[in-house]
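The values are calculated or read from the model by the stated rules, or taken from the named source; none is laboratory data. What you see is a predicted model; the values in this text were computed from it and never measured. Cβ placement follows ideal geometry from the backbone for every residue including glycine, while neighbour counts extend to all protein chains displayed.
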Amino acid sequence: MKSKQDKRCFTIMIVPHTEEATFSLRLPLYVVQLAVALLVLGAAGFSALGYAYLKTASEAQEAQVLRELNRAQQEEIDSLAIETEKMIEQLRDVDELVNFVTEKLELEDEEVDEVLDNQSGSNPSSAAYDYYAANSTPQSFGNIGPLAYERPHEQASSKRGLLERTADNIAVLKNIVPERSDTLDLLGEYADRAKAKPAIWPARGRITSGYGMRAIPYGSGYQFHTGVDIIGSRNSPIWASADGRITFSGYRGSLGNLLIIDHGYGYKTYYAHLSSFAVTVGDEVKRGETIGYMGASGRTTGVHLHYEVHQEGSPVNPERYLD
């Protein structure tokens, strides 16, 4: 029967494959327990170390990204700051020029006149000389420094001419600004008028009957043809020849299915003998937009489009507006 001490021990036996003697190692239980505890603590410590390393690496990567972002933002801020400083400097220069011109125009006219009245040849009065010697420094003229190094009477004359030219330029600018606004308004009106002017073919085909007197195609005699007839294939698209609004869409006697577009600026166009409509009254259309389809409705000898252009209430030759 084993002793109590033997039960609190572990025996490790090593049995070789050869005929050598068997080796055994007896370890107390507390040694095994200590080894297991150390192994568990080591594994836990290694895991904690690995987690700390991964977390640190992730934080370092995020910090690098933030640094790059901050650097980019700082560069953008610096660039904006430089641009802002330039703008402020330009505004400051403009303000200084305005103040300079205002002061010279309002305060120095009398002084300039005094210099001009008192000067005698190249020897102006000492008072005038003192005035311009004290006030005609490069700083007082901003970028017009060279005037400060002319002779006093030349300074007065130059300043007088400069101020007069500046005043003239300001007056011109005051006139130019509203003129430019008027020009922009006129250009906008011209653009709207150009959009309203019929300028494209309303259908694909060829003209079989033009504008003016012609023989009546379905009877004897002559009649005035107020448009052009464009022959094409049935149900081929009909296009608006300019921007406008549909003011009539329906059947009208011999014209059959008729569309009327009011383009503004005195222009209207008529599209007759359509097979069907693609728009209705009140629709806003653009140049080149499909508004209907070619047909033979009404009184006609075949499939075609009867196209009219009216200007200021009277029909005109549409061929003048066909591009």
Quick check on my filter: what residues within the range 264-288 are touching a helix residue (DSSP H, G or I) at 6+ places or on another chain (Cβ under 9 Å) and in a strand (DSSP E or B)? GLY264, TYR267, THR269, TYR270, ALA272, HIS273
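Considering ASP229, ASP283, ASP262, which residue is of a type in the set (Asp, Glu), more than 20 Å from PRO315 (Cα to Cα) and at pLDDT 95 or above?
ASP283
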Here the residues within the range 282-299 that are over 42 Å from the mean Cα position of the chain (by Cα) and without any contact (Cβ under 8 Å) to a residue 60 or more places away in the chain are SER297, GLY298
Single match in ILE291, ILE261 (criterion: in contact with a Lys or Arg (Cβ under 8 Å, 6 or more places away or on another chain) and either farther than 13 Å from GLY227 by Cα or outside any loop (DSSP other than H, G, I, E, B) (or both)): ILE261
Would you tally the residues in the range 185-230 being part of a strand (DSSP E or B) and crowded, with 16+ Cβ neighbours inside 10 Å? 6
Subset tally (residues that are out of contact with any His (no Cβ under 6 Å at 6 or more places or on another chain) and either free of Cβ contacts under 8 Å to residues at least 40 places away in the same chain or not assigned by TED's automatic domain parsing to the domain that holds TYR307 (or both)) for the range 210-231: 10
Test of understanding: among THR11, THR18, which residue is of a type in the set (S, T, N, Q), in contact with a Ser or Thr (Cβ under 6 Å, 6 or more places away or on another chain) and exposed (fewer than 10 other Cβ atoms within 10 Å of the Cβ)? THR11
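With GLY244, GLY212 as the choices, which residue is of a type in the set (Gly, Ala, Ser), under 22 Å from GLY313 (Cα atoms) and at pLDDT 95 or above? Talk me through it step by step, then tell me what you get.
On the way: GLY212 fails: at pLDDT 95 or above.
That would be GLY244, the only listed residue that is of a type in the set (Gly, Ala, Ser), under 22 Å from GLY313 (Cα atoms) and at pLDDT 95 or above.
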Being exposed (fewer than 10 other Cβ atoms within 10 Å of the Cβ) and small (Gly, Ala, Ser) is the filter here; which residues of the range 25-39 pass it? none
Of the residues in the range 261-296, how many are on the phi < 0 side of the Ramachandran plot, in contact with a His (Cβ under 8 Å, 6 or more places away or on another chain) and buried (at least 19 other Cβ atoms within 10 Å of the Cβ)? 8
Which residues, counting only those in the range 11-70, are in a helix (DSSP H, G or I) and charged (D, E, K, R)? LYS55, GLU59, GLU62, ARG67, GLU68
Taking VAL316 as meeting all but one of (1) of a type in the set (A, V, I, L, M); (2) over 18 Å from HIS263 (Cβ atoms); (3) surrounded by fewer than 18 Cβ atoms within 10 Å (Cβ to Cβ), write down the number of the exception. (2)
Which one of VAL279, VAL303 is β-branched (Val, Ile, Thr) and within 33 Å of the chain's Cα centre (by Cα)? VAL279
